[in-house]
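Please treat every number below as a calculation from the coordinates, not as lab data. Please read all numbers here as calculations on a predicted model, not as lab measurements. Using ideal geometry, Cβ is built from the backbone for each residue, glycine included, and neighbour counts are taken over all protein chains shown.
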Amino acid sequence: MSKYSLGEFLRETEQDEQENGYFELETPRVLEVNLDGEVWAKAGSMISYDGQMKFEREGIFEHGLGKMFKKAFTDEGSSLMKARGEGKLYLADQGKKITILQLQNEGITVNGNDLLAFEPGIEWDIKFMKKIAGMVSGGLFNVHLKGRGMVAITSHYEPLTLRVTPNKPVITDPNATVAWSEHLEPEFKTDISLKTFVGRGSGESIQMKFSGEGFVVVQPFEEGYQSSQ
C-alpha cells in the first residue's frame, strides 16, 4: 500500500511508546535507544531524541594513546560520539538495515562503516588491514568488540551469514563484508584475472579468505571505503 489517509499514515509510522529494552528496532532502519546513562554511537547517526541528552564527539584521548595513534594512522571516517542522559534516542545510517546483536562474553569484528552503536561496557579495539592499504580506497579498518551487551550493526539490504568450517573456507569481497566471528583472521588474496574485466573497479581483484571455524556476514552491496581527503 502506497496511498494513505493521514490517520492511516500516522498509525503505520507512529513511534512505539511502550516500554522497551535498551536497544529496540523502531523500524528496520531506525534504532531506538532507551537511554538511561550513556551509549556510544556512530558520529552523525542521531536523527531524533526526546528527553534530556548531551552529545559529545569522541575525544582524541578518550580511549588512550594506543587507539588515538591507530585512528590517526587509519584516517578512519567513522568517528564515535557519546550520548549521555535519559530519554529515547533514534539512530540511523543512510537508510541501511539495522541488526541488533546481544554479546554474551563473546567477540565479533565489524567493518568500521557498519558499526552503528554499542553499550559502553563493551571493550573495543581498531584493527587496520595493513596488507591491503592502498588497494582499497581509504584502506580498510575494522572494530573488534568483546564483552557482554548489545551491538547494533548496519548493512545495505538483507545481510547473509555464511558458515566457515575447517574444510570449507569462505572467500568474500572486502567491500561487501560486514562482520565476522571472533576467532577468524582473514587472509588477503589477489586474483589478477579479475582485473581484466572492463568497467569494473579494482576491488574485485582483492579477496578476503576466512578459514577455520565461525561465520562471516556479507551484504548484497559493494560499499566503497572512502578516505576523508
### Query
What is the distance, in nm, between label points placed 7 Å from the Cα along the Cα-to-Cβ direction at Asp173 and at Ser5?
4.6
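If you stretched the chain out fully between Lys146 and Phe221, how much longer would it get, using 0.36 nm times the residue separation minus the C-alpha to C-alpha distance? Don't jump to the answer; show the numbers that get you there.
Working: separation 75, 0.36 × 75 = 27.00 nm, distance 2.65 nm.
Difference between extended and current length: 24.4 nm.
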### Task
Between Ser48 and Glu182, take the C-beta separation as r, use R0 = 30 Å, and let me know the FRET efficiency to the nearest 0.05.
0.35
### Query
Given labels modelled 7 Å from the Cα in the Cβ direction, how far is it in nm from Lys209 to Arg57?
4.2
### Summary
In the structure shown, of Lys127/Lys209; Lys97/Lys146; Lys42/Lys146; Lys146/Lys189, the pairs separated by more than 24 angstrom at the C-alpha atoms are Lys146/Lys189
### Message
7 Å from Cα along Cα→Cβ at both Asn34 and Tyr22: what's the point-to-point distance in nm?
### Response
1.3
